[in-house]
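Comments concern the structure below.
Since every read-out is calculated from the coordinates, none of them should be taken as a lab result. Since this is a predicted model, take the numbers as computed values, not measurements. Positions of Cβ are backbone-derived with ideal geometry, glycine not excepted, and every protein chain shown enters the neighbour counts.
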Amino acid sequence: MSYGLSPRAFRRKGLRALRRMSDRQHAIFCAVRFDDASYAELSERHGISVGEIEAELTAALIILSRTLREPEPWWRPLWPW
């Protein structure tokens with residue numbers, strides 16, 4: 001799932017996607033992907049329904065996918081880092 005990007009570009013765009021997510025989307029995305037938290041656990045933690053957890057995770061994944069597909073700016077090859 002690297003979208004044909006170098007590891008450096010994938011990381012840069014992934015971090016950009018995390019910054020674009022709302023605080024709740026970011027927390028839910030990280031909990032599901034990195035902490036293996038269940039939807040029920042997250043529902044209790046955030047005080048919302050499981051359906052809302054699913055909706056927030058879906059929105060976060062859409063943001064990630066769209067950000068990874070964005071073309072690089074024209075000046076990116078000129079930038080040293």
Worksheet item: Which ones in the stretch 1-44 are surrounded by 14 or more Cβ atoms within 10 Å (Cβ to Cβ) and aliphatic (A, V, I, L, M)?
Response: Leu5, Ala9, Ala17, Leu18, Met21, Ala27, Ile28, Ala31, Val32, Ala37, Leu42
Item to complete: Looking only at the stretch 15-55, count how many residues are charged (D, E, K, R) and at positive phi.
Response: 1
Worksheet item: If the Cβ limit is 6 Å and pairs must be 6+ apart or interchain, which residue in the stretch 53-69 that is small (Gly, Ala, Ser) pairs with which residue that is part of a helix (DSSP H, G or I)?
Response: Ala59/Gln25; Ala60/Gln25; Ala60/Phe29
Worksheet item: If the Cβ limit is 7 Å and pairs must be 6+ apart or interchain, which residue in the stretch 16-39 that is touching a residue at least 40 places away in the same chain (Cβ under 8 Å) pairs with which residue that is part of a helix (DSSP H, G or I) and of a type in the set (S, T, N, Q)?
Response: Arg16/Thr67; Ala17/Thr67; Arg20/Thr67
Worksheet item: Can you name every residue in the stretch 26-81 that is over 19 Å from the mean Cα position of the chain (by Cα) and among the charged types (D, E, K, R)?
Response: Glu41, Glu44, Arg45, Arg76
Worksheet item: Among the residues of the stretch 45-81, how many are surrounded by 12 or more Cβ atoms within 10 Å (Cβ to Cβ) and either acidic (Asp, Glu) or assigned to a loop (DSSP other than H, G, I, E, B) (or both)?
Response: 5
